[in-house]
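Asks: Please read through the structure below; I'll follow up with questions.
The values are calculated or read from the model by the stated rules, or taken from the named source; none is laboratory data. Given the structure is predicted, the values throughout are model-derived calculations rather than measurements. Methodologically, a virtual Cβ is constructed for each residue, glycine included, from the backbone with ideal geometry; neighbour enumeration extends over all protein chains shown. Ligands, DNA and RNA are excluded from the accessible area calculation, which covers all protein heavy atoms including side chains. Shrake-Rupley method; radii C 1.70, N 1.55, O 1.52, S 1.80 Å.
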Amino acid sequence: YDEQGVQQYVGGRWVPVGGKAALYQFDRRIHRVEEVPELPGEDWIHVDFNVYPMAATLYRFLPTHPIPLWGVDEVNLHGADTEQLCKVLADKLGMGWRKAKIFPDAYGGRQRHSSAKGGVTDLQIMEEFGFSNLKYELNYSVRDQMNAANAFVHKGYVRWHRRCEETIRDLERVKLKVGSHELDKSDPMRTHWLDGFKNMIHCEYPVVKSYSTATSGRYR
């Protein structure tokens, strides 16, 4: 937990959160960087399926580094479908793109307007393209996910390269709805990258188990 999480979930104190930054631990002076380590690592990508925009952020995961997660690039496609997204991701990753770990929007398991091709879902399109390492949660709480994301940032485990412009805007600007732990999605251009980040971190580094039952694995 970070400090606010301890007050809320351990101390049982009421902490007002509505209308405040969802990822309140993010500080661009600390977490936005000009360079990333040129070290071998795993490719992680979180994806939020939309037509406007199709959003994704690419990371290099360095498990033995003091800062294990580095945002290196992002995708911001307008009017694109999932197959186009796959082509862009493969091009950005280069050789070895098939080994990337993908954290997709769980609702991509349903037929959506961004991939309406005879009932084929977004996740099926990604698998058929060659991205076989998909990980996501079928049951989750936004509160749990944001608590995990804030704790991860608070511990200094992640940085984003300045190329990740839309991702950083999301991390700074997205707020919680007044009186709830849900993200304020009144701006159609916002929340897509933060959604992906919180989903990814809660899959890999969950800190709350009592409010949700998480199920992860490949979609079939």
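Asks: Sort out which residues of segment 66-79 are among the small types (Gly, Ala, Ser) and either buried (at least 19 other Cβ atoms within 10 Å of the Cβ) or modelled with pLDDT of 95 or more (or both), and write them in order of number. Let's see the steps before the verdict.
Replies: Quick first cut of segment 66-79, residues among the small types (Gly, Ala, Ser) only: 71, 79.
Hit for segment 66-79 is Gly71, nothing else.
Asks: In segment 185-206, which residues are farther than 13 Å from Tyr59 by Cβ and of a type in the set (Gly, Ala, Ser)?
Replies: Scanning segment 185-206 gives a single hit, Ser186.
Asks: Another question, then. Give the residue that is nearest to Val47 (Cα to Cα), with candidates limited to residues of segment 136-185 that are out of contact with any Cys (no Cβ under 8 Å at 6 or more places or on another chain) and of a type in the set (Ser, Thr, Tyr).
Replies: To start, the set of residues in segment 136-185 that are out of contact with any Cys (no Cβ under 8 Å at 6 or more places or on another chain) comprises 138-185.
Next cut, of a type in the set (Ser, Thr, Tyr) only: 140-141, 157, 167, 180.
On the way: Tyr140: 17, Ser141: 18, Tyr157: 20, Thr167: 12, Ser180: 25 Å.
Applying the filter and picking the extreme gives Thr167.
Asks: Considering only segment 175-195, state which residues are crowded, with 18+ Cβ neighbours inside 10 Å and at positive phi.
Replies: Thr191
Asks: Out of everything in segment 147-174 that is more than 14 Å from Trp193 (Cβ to Cβ) and in contact with a strand residue (DSSP E or B) (Cβ under 8 Å, 6 or more places away or on another chain), what residue ends up being least open to solvent (accessible area, probe 1.4 Å)?
Replies: Phe152
Asks: Report yes if Phe61 is modelled with pLDDT under 95 and either open to solvent by 40 Å² or more (accessible area, probe 1.4 Å) or of a type in the set (Phe, Trp, Tyr) (or both), otherwise no. Please lay out each step first, then the result.
Replies: On the way: modelled with pLDDT under 95: no; either open to solvent by 40 Å² or more (accessible area, probe 1.4 Å) or of a type in the set (Phe, Trp, Tyr) (or both): yes.
No: the conditions fail for Phe61.
Asks: Follow-up. Exactly one of (1) in contact with a Lys or Arg (Cβ under 9 Å, 6 or more places away or on another chain); (2) within 18 Å of Met54 (Cβ to Cβ); (3) surrounded by fewer than 21 Cβ atoms within 10 Å (Cβ to Cβ) is unmet by Glu128. Its number?
Replies: (1) is the only condition that Glu128 fails.
Asks: Still on this structure, please answer the following. Can you tell me which residue among Arg162, Arg143, Arg110, Arg98 is closer than 27 Å to Gly79 by Cα, charged (D, E, K, R) and modelled with pLDDT under 95?
Replies: Values: Arg162 fails: modelled with pLDDT under 95; Arg143 fails: closer than 27 Å to Gly79 by Cα; Arg98 fails: modelled with pLDDT under 95.
Step by step, each of Arg162, Arg143, Arg110, Arg98 is checked, and only Arg110 is closer than 27 Å to Gly79 by Cα, charged (D, E, K, R) and modelled with pLDDT under 95.
Asks: Tell me yes or no: at least one residue of segment 134-147 is of a type in the set (Asp, Glu) and assigned to a strand (DSSP E or B). Walk me through how you get there before you give the answer.
Replies: Within segment 134-147, the subset of a type in the set (Asp, Glu) is 137, 144.
Now drop any that are not assigned to a strand (DSSP E or B), which leaves 137.
Yes: one or more hits.
Asks: Quick one: Asp43 ticks every box in (1) more than 16 Å from the chain's Cα centre (by Cα); (2) among the charged types (D, E, K, R); (3) at pLDDT 95 or above except a single one, so which number is it?
Replies: Single failed check for Asp43: (1).
Asks: Is it the case that some residue within segment 116-132 is under 17 Å from Lys198 (Cα atoms), of a type outside the set (Lys, Arg), part of a helix (DSSP H, G or I) and at pLDDT below 95?
Replies: Checking segment 116-132: not a single residue is under 17 Å from Lys198 (Cα atoms), of a type outside the set (Lys, Arg), part of a helix (DSSP H, G or I) and at pLDDT below 95.
Asks: Only residues that are aliphatic (A, V, I, L, M) and not in a helix (DSSP H, G or I): list them for segment 64-102, please.
Replies: If we filter segment 64-102 for residues that are aliphatic (A, V, I, L, M), which is where we start, we get 67, 69, 72, 75, 77, 80, 85, 88-90, 93, 95, 100, 102.
Once the filter is applied, which keeps residues that are aliphatic (A, V, I, L, M) and not in a helix (DSSP H, G or I), segment 64-102 yields Ile67, Leu69, Val72, Val75, Leu77, Ala80, Met95, Ala100, Ile102.
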